[in-house]
Amino acid sequence: MVWTVLFSPKAKKDLQGLPFEIKQKTILKLEEMILENPYVCLDRMANSPFYKFRVGPYRGIVTIVNDKLIIHVFKIEHRSQVYKK
């Protein structure tokens, strides 16, 4: 199974604004997800249809479309900001 990663416009902007080292680690984490079962790398958020992944002090918020094998990344921000609406 090969998963596809799609970025929202917000997530693309967030990724570009990350420090270089965190950006590299985030990309490696996403590559790890698409090669393996993404559920191994993700944690389900409480009372929410979204999942999260951790890269140092940053968090990524994603949804998974199982029937199309898509991981949709919504935002990537510092943990102090990512959960605020």
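Brief remarks follow.
- In region 53-85, residue surrounded by the fewest Cβ atoms within 10 Å (Cβ to Cβ) [restricted to those that are among the aromatic types (Phe, Trp, Tyr) and not in a loop (DSSP other than H, G, I, E, B)]: PHE74
- Residue count for region 55-77 satisfying the condition of being touching a Lys or Arg at 6+ places or on another chain (Cβ under 8 Å), free of Cβ contacts under 8 Å to residues at least 60 places away in the same chain and either over 18 Å from THR4 (Cβ atoms) or not small (Gly, Ala, Ser) (or both): 7.
- Qualifying residue in region 26-45 (condition: in contact (Cβ under 8 Å) with a residue 60 or more places away in the chain and either among the aromatic types (Phe, Trp, Tyr) or surrounded by 13 or more Cβ atoms within 10 Å (Cβ to Cβ) (or both)): no
- Looking across region 28-54, the residues that are out of contact with any strand residue (DSSP E or B) (no Cβ under 7 Å at 6 or more places or on another chain), within 16 Å of ILE70 (Cα to Cα) and not charged (D, E, K, R) come down to LEU35, ASN37, TYR39, VAL40.
- Which listed residue, of THR4, THR63, is over 10 Å from the mean Cα position of the chain (by Cα) and among the β-branched types (Val, Ile, Thr): THR4
- Selected residue (criterion: nearest to GLU77 (Cα to Cα)) from residues of region 1-52 that are charged (D, E, K, R) and in a strand (DSSP E or B): LYS52
Bear in mind that the values in this text are calculations on the coordinates, not laboratory data. Quick caveat, the model's predicted, so the values are computed rather than measured. Positions of Cβ are generated from backbone atoms using ideal geometry, with glycine treated the same way; all protein chains shown enter the neighbour counts.
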